[in-house]
């Protein structure tokens with residue numbers, strides 16, 4: 001298969017107590033695995049597409065055969081979104097970024113506190129299932145926006161730098177309907193080194 005389920009970069013219980021091990025087991029082993037399987041199934045009869053990077057497929061959905069376009073949108077988006085999600089978390093996470101990323105956040109939002117507040121508000125207020133993103137545009141400027149379902153920033157011409165999954169499967173076992181509590185806890189595991197690498201890559 002062209003796309004493989006990436007392993008978690010840490011044990012399933014490593015993000016406790018902020019994100020529980022049972023949620024991680026189901027989220028990675030069932031949900032992310034399911035998106036991967038369905039993405040591969042959609043591409044198997046379309047020679048050449050499976051060899052393209054997922055970012056390229058998502059950025060140019062209109063060029064895909066109509067019969068697989070929505071499947072790739074949903075499952076390719078789910079595949080890419082979760083791949084980034086695991087990497088921007090770490091048991092040694094939390095705190096604030098430094099360097100060029102910190103400067104860019106300062107420039108875009110006036111302070112890290114303002115950024116964190118705006119991001120948290122967007123995550124808590126998103127209706128239904130979806131994601132909240134810190135993205136970089138083509139000029140390297142940062143912004144916050146949300147996408148429904150498994151839609152990806154690549155579909156809108158943006159590069160995701162940091163993403164938070166606010167589907168209920170990401171938090172319901174531990175937090176039930178208390179999404180703001182999940183969002184607040186999540187900041188303790190954000191891997192700012194990985195986020196900074198994403199930002200640096202978006203500048204190239």
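Tell me the residue from 13, 60 that is surrounded by fewer than 17 Cβ atoms within 10 Å (Cβ to Cβ), out of contact with any helix residue (DSSP H, G or I) (no Cβ under 7 Å at 6 or more places or on another chain) and without any contact (Cβ under 8 Å) to a residue 24 or more places away in the chain, please. Give the steps one after another, and end with the answer.
Working: 13 fails: out of contact with any helix residue (DSSP H, G or I) (no Cβ under 7 Å at 6 or more places or on another chain).
Every option except 60 fails the conditions.
If you scan the range 141-175, which residues turn out to be closer than 12 Å to residue 198 by Cβ and either touching a residue at least 60 places away in the same chain (Cβ under 8 Å) or part of a strand (DSSP E or B) (or both)?
Within the range 141-175, 142, 159, 160, 161, 162, 163 meet the criteria.
Do any helices (runs of 4 or more DSSP H) lying entirely in the range 33-139 carry at least 3 residues that are closer than 22 Å to residue 169 by Cα and modelled with pLDDT of 95 or more, and which ones are they?
Numbers: elements: 33-43, 54-59, 66-71, 77-87, 99-109, 112-125.
Fully inside the range 33-139 and qualifying: 33-43, 77-87, 112-125.
Of all residues in the range 1-30, count the ones that are within 16 Å of residue 71 (Cβ to Cβ) and under 20 Å from the mean Cα position of the chain (by Cα).
Taking the range 1-30 first, the residues within 16 Å of residue 71 (Cβ to Cβ) are 1-3.
Subsequent filtering for residues that are under 20 Å from the mean Cα position of the chain (by Cα) retains 3.
Adding up the residues that qualify gives 1.
Only one residue in 113, 104 is touching a strand residue (DSSP E or B) at 6+ places or on another chain (Cβ under 8 Å) and assigned by TED's automatic domain parsing to the domain that holds residue 167. Which one? Before you say what the answer is, go through the steps one by one.
On the way: 113 fails: touching a strand residue (DSSP E or B) at 6+ places or on another chain (Cβ under 8 Å).
Just one listed residue meets the conditions, 104.
The values are calculated or read from the model by the stated rules, or taken from the named source; none is laboratory data. Just so it is clear, the model here is predicted, and its values are computed rather than measured. Using ideal geometry, Cβ is built from the backbone for each residue, glycine included, and neighbour counts are taken over all protein chains shown.
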